[in-house]
There are 2 protein chains.
Amino acid sequence: MQVLGEHIDHPSADTIYEEVRKFLPRISLGTVYRNLEIMSESGSILKLETGGSIKRFDPNTHSHPHFRCVKCGSIEDLPFGIDSSMFAGTDEDWIKGRKVQSLHVEYTGLCADCNGNTKS
Amino acid sequence: MQVLGEHIDHPSADTIYEEVRKFLPRISLGTVYRNLEIMSESGSILKLETGGSIKRFDPNTHSHPHFRCVKCGSIEDLPFGIDSSMFAGTDEDWIKGRKVQSLHVEYTGLCADCNGNTKS
DNA sequence: AAGCTAATAATAATAATTATCATTAAATAT
DNA sequence: ATATTTAATGATAATTATTATTATTAGCTT
Ligand SMILES: [Mn+2]
Ligand SMILES: [Mn+2]
Ligand SMILES: [Zn+2]
Ligand SMILES: [Zn+2]
């Protein structure tokens, strides 16, 4: 939690592993995965299943949108909130028999850095 | 394209492979992956990088929201459109230096089937 | 201290996807 | 039509993130 709380860049399990290793050199990657799973299940962190095949972890547990750079893979927070009422008006009859648990909004494209650098 | 066009359930590469095999029994999985990649790059289909670690393919190339069932893994289309103006109002100053390419909205929860069946 | 329980480290297994490369098919030139 | 070049494919290996396994360790309880 300490390590994750300092990160605003949605680190992967492996990145967190490397960071934690500085404190606890004998920790194993399995333990990092296991505890991240426990934390995400208890709701104290978010496990982001974004595009791009690797899972990332977020200390901000509020539902918020992300921007994923298709070039460098970075995930950035976007500075506005989201909620279900943005869709389908107030009549949420699309829910039908479903039980809605969460909503993830993800923009993709080039981040500011990569967009500037690719204008060659 | 024939096989994919008949599917409304966002099949995986492996599912498509099994289907295509009925027509072309000697086709390899690699060829399926390769051609799905080509098609998604040319824009004739969508490669969905949803949560859940496997990629799925969608003949509907318009930006539309999905619902992913966390129990059975199914992906369903939701019957309303999305566009950027739903977020952040009209002043899209959050874009800053970024180049926005696409937007994916994904709800998760229990699909109608799984929600009904789990009420034990 | 002895015994029980839960967490961990080390390692193996899994699964989706991608890469490689020899072979085959298609296209083009002779 | 036949030879030659080019592109696509099938078969298989490699990669990578994640999960499972299991013996060992550490923390409690009596
Ligand atoms: Mn975030
Ligand atoms: Mn769809
Ligand atoms: Zn970038
Ligand atoms: Zn379901």
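The values are calculated or read from the model by the stated rules, or taken from the named source; none is laboratory data. What you see is a predicted model; the values in this text were computed from it and never measured. Cβ sites come from the backbone with ideal geometry, for glycine too, and all protein chains shown count toward neighbours. Remember, those area values only see protein heavy atoms, side chains included, never the ligands or the DNA or RNA. Shrake-Rupley method; radii C 1.70, N 1.55, O 1.52, S 1.80 Å.
What to note about this one:
- Heavy-atom accessible surface that A and B bury in contact, both chains counted, 1.4 Å, Å² to 100: 3000
- Once the Cα atoms are used to define both axes, helix A:29-42 deviates from the longest principal axis of chain A by about 30 degrees.
- Pairs from A:Lys47/B:Lys96; B:Lys47/B:Lys71; B:Lys55/B:Lys96 whose Cα-Cα separation, in the structure shown, is over 25 Å: A:Lys47/B:Lys96; B:Lys55/B:Lys96
- Think of chain A as a dipole: +1 on every Lys or Arg Cβ, -1 on every Asp or Glu Cβ, centred on the Cα centre; then among A:Leu29, A:Met1, A:Ile45, A:Leu29 lies furthest on the positive end.
- Between the stretch A:50-69 and the stretch B:1-50, the Cα center-to-center distance that results, in Å: 27
- Dipole magnitude of the protein assembly as shown about its Cα centre (Cβ charges: Lys, Arg +1; Asp, Glu -1), debye to nearest 20: 840
- Computed log₁₀ I(q)/I(0) - Debye formula, equal Cα scatterers, no solvent, chain A, q 0.10, 0.14, 0.17 Å⁻¹: -0.40, -0.72, -0.95
- Per residue accessible area of the protein assembly as shown, 1.4 Å probe, in Å²: 56
- Mean per-residue shielding of peptide A:60-67 is 1, counting Cβ atoms of other chains within 10 Å of each Cβ.
- Rounded to the nearest 10 degrees, the angle from helix B:13-23 to the longest Cα principal axis of chain B is 40 degrees.
- Only Lys, Arg, Asp and Glu carry charge here, each on its Cβ (+1 for the first two, -1 for the last two); on that basis the stretch B:2-109 has a dipole of about 440 debye about its Cα centre.
- Length-normalised contact order for chain B - Cα pairs under 8 Å, 6+ apart - percent: 23
- Helical mean residue ellipticity (222 nm; -39500 (n - 2.57) per DSSP H run of 4+; nearest 500) of the protein assembly as shown: -8500 deg cm²/dmol
- Note on A:Lys22: aspartates and glutamates with a C-alpha under 16 Å away, same-chain residues under 8 apart excluded, are A:Glu6, A:Asp14.
- Summing charges over neighbours of B:Leu4, with a neighbour being any other residue whose Cβ is under 9 Å away from its Cβ, gives -3 when K and R count +1 and D and E count -1.
- Counting DSSP beta bridges with both ends in the protein assembly as shown, the antiparallel % (nearest 5): 75
- Carbon and sulfur %, accessible surface of chain B computed with the full protein complex present, 1.4 Å: 52
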